[in-house]
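J.: One structure is given below, represented as structure tokens, and several questions about it will come after.
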Amino acid sequence: MSQAARAAEAFQRLHGRAPAGVWSAPGRVNLIGEHTDYNDGFVLPFALPHRTAVAASARDDDILTVTTLHDRGRPETADPVRIADLAPGTVTGWAAYPSGVAWVLREQGVDRGADLVIAGDVPAGAGLSSSHSLECATALALLGLAGSQQSTSDIAKWIQHAENDFVGAPTGLLDQTASLCCTAAHVLFLDVRSGESDQVPFDSVRRGLEVLVIDTRASHSNTASGYGDRRRGCERAAEILGVPALRDVSLSGLDSAVSSLPEELRPLVKHVVTENDRVLRTVELLRTDKYTAIGPLLSDSHASLRDDYRVSCDELNVAAEAAEGAGALGARMIGGGFGGSAIALVHSDARAEVEAAVKAAYVARSFTAPRMFTAVPSAGAGQDR
Ligand code: GAF
């Protein structure tokens, strides 16, 4: 059963009537372009088939009720809140994500109460953007109930405001833009500064390739200090260099730029500048149908995130190394880091061997067994019914 059908069925059971509509949004994998979004740079995500669905109906008052379905359909309902009373800190835990969206849309005049029922299968805490998929589906639901048409770039910015200022995670625009704008069989080449994007065909399966997602089960969080520290480091470096963002440092000007920076900021700048270049080169290779040639760029991205940006962890490094050792064309951690998931680009006929090697490497180190699946670029957010 789809997540939209699960949410609609649970809504009917809980509220005794069908929902006015159901909206859903996917999680994402970022093929390459990590920690570049808040530096005004380039990213290249695609949407997962895993989705979060929100079944919703408007209410006659300004109360927001939110129920989520846990494993095996067990519902959990958060304390109802008046939308007028929402403020940062008033709601914590999972309900802060939909509540933060209601808070930010209130500023846009969308302030009518609603009943929301959530069902989803995006793995939580796995760096696959489960929270952004929930925020995107909630935003589309509340806007849809209000009959309000808004651009995806505005919705993405409002969601960023909710994440940064209500949830307290200083994240950029990558995840929600991916969830809102990706299309099946494509990666989304996004220039975060201009907001311009291009759908680049990415039909790896037809070329005998697969993107294997390795969820390390080492839980990650963008509210933890590591993410914010890196972001502040980049902002400080840009300020010292006198540029609006690290996007403005060119690859050819990198050496001279870093030489004028304090030691601790140099590797951050090096990562961001080289990662932007890797995104551009990956796009070029995909456009010219040289899929296998992107493997080394993925591996270089991982090395840069591990050694320069320092947001990897043992579980991610072991996954990437084991995958490459078993024949993956390239492998890298994805998302904010410090846990979460890695991806490996593999020939379809080598996939079983790569999976077995990663599993064995985890057993050898007594890590929790990883979860693995092939990620097929899927559709972005929308209304299901
Ligand atoms: C997380 C954030 F939410 C994104 O904005 C992005 O910065 C990413 O980490 C790192 O590329 O997913």
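J.: Using every alpha carbon pair in region 203-375, what percent of pairs falls into each 5 Å bin from 0 up to the bin containing the largest distance?
T.: Calculated over all Cα pairs of region 203-375, the distribution is 1, 9, 16, 18, 17, 15, 11, 7, 4, 1 percent.
J.: Below 8 Å between Cα atoms, with a sequence gap of 6+, how large is the relative contact order for the chain in percent?
T.: 23 percent
J.: Also: Net charge near E135, counting Lys/Arg +1 and Asp/Glu -1 over other residues with Cβ under 11 Å of its Cβ?
T.: Its environment carries a net charge of -2.
J.: Roughly what angle does helix 314-325 make with the longest principal axis of the chain, taking Cα atoms, 0 to 90 degrees, to the nearest 10?
T.: 60 degrees
J.: Ordered by residue, what ³J(HN,Hα) values in Hz, to whole numbers, does region 139-153 give under the Karplus form 6.51 cos²θ - 1.76 cosθ + 1.60, where θ = phi - 60° and Gly and Pro are x?
T.: 4, 5, 5, 5, 5, x, 4, 7, x, 9, 9, 9, 6, 5, 5
J.: ³J(HN,Hα) across region 369-385 via Karplus (A = 6.51, B = -1.76, C = 1.60, θ = phi - 60°), whole Hz, x for Gly/Pro?
T.: Per-residue couplings from phi come out as 4, x, 9, 10, 7, 7, 9, 9, x, 10, 6, x, 5, x, 8, 8, 7 Hz.
J.: Which far-off residues, 5 or more places away or on another chain, put their amide H under 5 Å from the one on V122, with H placed in the peptide plane?
T.: Long-range HN contacts for V122: R51.
J.: So how tilted is helix 96-106 from the main axis of the chain? Cα-based, degrees 0 to 90, rounded to 10.
T.: 70 degrees
J.: Amide H of L209 versus every other amide H placed in the peptide plane: which residues, excluding those fewer than 5 positions away on the same chain, fall under 5 Å?
T.: S348
J.: Next up: Can you list residues whose amide H is under 5 Å from H186's amide H, if they're 5+ apart or on another chain and H is modeled 1.01 Å from N?
T.: F202
J.: Can you list the HN-Hα couplings for region 59-66, worked out from phi with the Karplus curve (6.51, -1.76, 1.60; θ = phi - 60°), rounded to whole Hz and with x for Gly and Pro?
T.: 10, 8, 10, 10, 8, 10, 10, 9
J.: Turning to a different aspect of this structure: Based on the inverse mean of 1/r over its pairs of different Cα atoms, what is the Kirkwood hydrodynamic radius of the chain, in Å?
T.: 21.2 Å
Throughout, read-outs are computed from the coordinates displayed, never taken from laboratory work. Everything numeric here is computed off the predicted structure, so don't read it as measured data. We place every Cβ from the backbone using ideal geometry, glycine too, and count neighbours over all the protein chains shown.
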